[in-house]
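Single-structure report; data block below.
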């Protein structure tokens, strides 16, 4: 679908193809500012954001608590080095261990970095406790990141031949298939790693009985259970963490996206008995950087103070109910999700075109595959925002149906 671009926008974006490395098909739009549920481009056009920066802007765009944290901490200390503790690091680590079942935290800058840390810790555990076991079982249709190791862990079939040879040691099995998982466990297995809700895969949820059985199996075999909560953590599913829905405690959990509210930040949490790294085994220049720590603490504390996990549950139920009301007239099916991580299927492979038409009308949604639309707005979303989104979606869908007929 084409876009109308004014002279100012053309001037700003003119050098993009010359200076920015091509890695994605981006529309000829340049975002300039954001506030709450909205973004504005350089042409002054307004966009209602129901992708939440890919589940990142948990408090909406440019929230005051992030601005304040950045201002105050930048005036005190931006960076010391990973060789030292800093006050915001200690405060944030204590906050996270206080609200989870975990005892120890490692901080990173991206979800992939947190998942890399989890993979390394699992292999360290396998080397120390399981006679050198190194294989990790992950799920097909999963997504764990874009580093070479996390791409190898990811179960996307379209990545099978990309950047070959992949990092060995990952075995992929279908979601909610216990027989396949048990068949994959062997003497080389050190961990099972999974998203409790497969976000990039189209919002597919792990069954409660499946996860509870995996927990028991991990205990029996002495292997680790790793919960990738990069997308589900910090209130998105209606609880602070998705594992809380299941009555199961993982051995390792990874967090990213919403934990920083838009600031690059991630974390890997684990139990004290798995505190196995030796000096030099793991680290990074920006791990535990004071500025990021101050922002993360402010974001998580704001989610707690405003009970935004509960708000996500309430608004998620409202969103699901409204989608069901529209399902008959628009041909939507398989409406699913947990809290404010939702998706539905389309009657035809028109997801990308529908997302493009919505963008043209000032609504940002995501189509992870041709038949699927995914919604992951800020945890601060209101019923009025949801109604506004659905009105634009209906208009775009009707136009699309007419164009396709």
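No lab work stands behind these numbers, since they all come straight from the coordinates. Quantities reported herein were computed from a predicted structural model and do not represent experimental measurements. Reconstructed Cβ throughout: ideal geometry from the backbone, glycine too, with neighbour counts over all protein chains shown.
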Checklist entry - In the P(r) worked out for the chain, what percent of Cα pairs fall beyond 42 Å? => result 12 percent
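Please state the relative contact order of region 77-305 as a whole percent: Cα pairs under 8 Å, 6+ residues apart?
Numbers: 433 pairs, mean separation 69.0, N = 229.
Worked out over region 77-305, it gives 30 percent.
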Item to check | Cα-based shape type of region 150-235, given that a ≥ b ≥ c are square roots of the gyration tensor eigenvalues and the cut on a/c is 1.5 | outcome: oblate
Item to check | nm² value of the averaged projected area, convex hull over the Cα atoms of region 77-305 | outcome: 12.0 nm²
Checklist entry - For helix 351-360, what angle does its Cα long axis make with the longest principal axis of the chain, in degrees from 0 to 90 and rounded to 10? => result 60 degrees
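Would you calculate a helix-derived [θ] at 222 nm for the chain, using -39,500 (n - 2.57) for each DSSP H run of n ≥ 4 and dividing by the full residue count, to the nearest 500?
Working: 13 runs with 158 residues, N = 405.
Computed mean residue ellipticity for the chain: -12000 deg cm²/dmol.
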Checklist outcome for this item: So the angle from the long Cα axis of helix 383-404 to the longest Cα principal axis of the chain, reported in degrees to the nearest 10, equals 70 degrees
Checklist entry - What nm distance separates the two modelled labels at residue 333 and residue 72, each placed 7 Å from Cα along Cα→Cβ? => result 5.2 nm
Checklist entry - Can you work out D for region 190-291 in µm² s⁻¹ from Stokes-Einstein, where Rh is the Kirkwood radius over C-alpha pairs, the temperature is 10 °C and the viscosity is 1.306 mPa s? => result 107 µm²/s
Item to check | Simple spin-label estimate for residue 318 and residue 383 in nanometres, 7 Å along Cα-Cβ | outcome: 0.6 nm
Item to check | Linear extension gain, residue 20 paired with residue 307, 0.36 nm per residue minus alpha-carbon span | outcome: 99.3 nm
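Starting from 0.36 nm per residue, how many nanometres of slack lie between residue 275 and residue 207 once their C-alpha separation is accounted for?
On the way: separation 68, 0.36 × 68 = 24.48 nm, distance 2.94 nm.
That pair, residue 275 and residue 207, stretches by 21.5 nm at full extension.
Given a Förster distance of 60 Å, report the FRET efficiency between residue 91 and residue 347 from their Cβ-Cβ distance, rounded to the nearest 0.05.
On the way: r = 50 Å, r/R0 = 0.84.
E(calc), rounded to 0.05, equals 0.75.
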Checklist entry - Arranged from highest to lowest average of other beta-carbon atoms within 10 Å per residue, in what order do the peptides 290-299, 179-188, 223-232 appear? => result 223-232, 290-299, 179-188
Item to check | Stretchable slack from residue 38 to residue 81, in nm (0.36 nm times residue separation minus alpha-carbon distance) | outcome: 11.9 nm
Checklist outcome for this item: Quick calc of log₁₀ I(q)/I(0), region 73-121, Debye, one scatterer on every Cα, no solvent, q values 0.14, 0.33 1/Å, result -0.44, -1.17
Checklist entry - In whole angstrom, how far apart do the alpha carbon centroids of region 170-228 and region 37-77 sit? => result 35 Å
Checklist entry - Got a sec? Which residues in region 312-348 would a label at residue 401 touch, if it sits 7 Å along Cα→Cβ and we count backbone N under 18 Å? => result 322-335, 344-348
Checklist entry - P(r) of region 313-356 in 5 Å steps, Cα pairs, percent per bin? => result 5, 23, 28, 23, 16, 5, 0
Checklist outcome for this item: Taking the reciprocal of mean 1/r across every pair of different Cα atoms in region 275-405, the Kirkwood radius in Å is 17.0 Å
Checklist entry - Could you give the angle, 0 to 90 degrees to the nearest 10, between helix 111-129's Cα long axis and the longest principal axis of the Cα atoms of the chain? => result 20 degrees
